[in-house]
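Report on the structure given below.
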Amino acid sequence: MNKKNIYYQHSGAIGPTAILLSIIFGLIASLFLGIIYGYIIYALPFIYANFIIVGLYGFGVGSAVGIGAKFGKARNEKVLGFIAFLVGILAFYFGWVSWLHAVTEQNVLNVDLVAVFSDLAPSKVFSMATSIAQKGAWGIFGWTPTGFSLYFIWGIEALMIIFLTVIAATVSIDDPFCERCNNWIKQDSDISPFSFIGDIDSYKSSIEKEGAEFVLNAKKQEEAESKFSEYKLFACNNCNSSQMLSVSNVEITLGSDNKEEFTKTEVIKYLLLNKEQFTSLKSPSSSDVIT
Ligand SMILES: [Zn+2]
């Protein structure tokens, strides 16, 4: 059986609304968060905290792109990823300009808008950056990176922001979509727990061989033990078709502080089901009832 046909895949559709909204949302987030970002990075003297802020910034901008994409019903990760990539470059740039302003002790928040936008001009930004790179801007363990080292660090910062923007944006459109009704499909029900899947590879290859019928053999567990598998059903709530199943293994262990820790491993994602398979999974007893 063709692997492609048994799991849900996005149609790849992406319209002008989705493209426009994801760009606009991304740009607004970059501008607003960018100004805050630059000043926080400047004010926080801890390098590890800076890493977290860089991560939050990229994630924030990417999520904004994703909100626009989801609202615009984008179903194409590649095109959305490319948009997020471009927005990520701009986000780095805005954040960097804001930081340069903070370092050179100009106050971007109080300047009139014309001045702010003239300060965004790359020629001006690069001349500021070169002069800062000569002197260095901050120190760590008694070392003040200048020149190439500082450019290298800025490069890492840029890559982190761009990478996280792309990831956060594309993850936002991970939900399945009903092409017939033109809307996103939400989780219908969680029918867990089922018995833990010891051999994920053979479970998957059985589905590929026997089709979705195979999952009907899954054994229901009375209650969630320390190991079980989680079965989640999805269906379009409008047309009642586009039914699917996602399965994950869940392991509960006791952490050092005696707190329960959940480890989740994805087994299958959005396996397409027909109406009968969906119904018999959702209410297993119904097949035994004689009417
Ligand atoms: Zn539908």
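Overview of values
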{"item": "Rounded tilt (10° steps) of 147-171 against the dominant C-alpha axis of the chain", "result": "30 degrees"}
{"item": "Segment THR253-PHE71, length gained on full extension (0.36 nm per residue, minus Cα span)", "result": "61.7 nm"}
{"item": "Under 24 Å from LYS135, Cα to Cα: lysines that are on another chain or at least 8 residues apart", "result": "LYS124"}
{"item": "Surrounding net charge for GLU276, when Lys and Arg each add one and Asp and Glu each subtract one, Cβ distance under 12 Å", "result": "+1"}
{"item": "Amide H within-cut-off set for ASN240, under 5 Å, with H built and near neighbours excluded", "result": "none"}
{"item": "Mean projected area (nm²) of the alpha-carbon convex hull when the stretch 179-287 is viewed from all directions", "result": "8.1 nm²"}
{"item": "Kirkwood Rh, angstrom, the chain [1 / mean 1/r, Cα pairs]", "result": "22.4 Å"}
{"item": "Residue exposure sequence - PHE85, PHE152, PHE278 - by fewest surrounding Cβ within 10 Å", "result": "PHE152, PHE85, PHE278"}
{"item": "Inter-label distance, nm, simple model (7 Å from Cα along the C-beta direction), THR104/GLU210", "result": "6.9 nm"}
{"item": "Residues GLU213, GLU222 arranged by fewest to most Cβ contacts within 10 Å", "result": "GLU222, GLU213"}
{"item": "Longest site-free stretch - the chain; sites: trypsin sites (Lys or Arg not before Pro), DSSP loop, at most 15 other Cβ within 10 Å", "result": "1-179"}
{"item": "If the convex hull is drawn through the Cα atoms of the stretch 3-174, its volume per residue in Å³", "result": "127 Å³"}
{"item": "Taking HIS101, HIS10 and counting other C-beta atoms within 10 Å, the order from fewest to most", "result": "HIS10, HIS101"}
{"item": "The chain: angle of helix 122-135 to the longest principal axis, Cα-based, in degrees nearest 10", "result": "80 degrees"}
{"item": "Placed amide H near PHE177: partners under 5 Å, 5+ positions off or other chain", "result": "ILE185"}
{"item": "Cα-based helix-to-principal-axis angle, 16-43 vs the chain, degrees rounded to 10", "result": "50 degrees"}
{"item": "Cβ-Cβ FRET estimate between LYS186 and LEU44, R0 fixed at 35 Å, reported to 0.05", "result": "0.35"}
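Bear in mind that the values in this text are calculations on the coordinates, not laboratory data. Quick caveat, the model's predicted, so the values are computed rather than measured. A quick note on method: Cβ atoms are made from the backbone with ideal geometry, for glycine too, and the neighbour counts reach across all protein chains shown.
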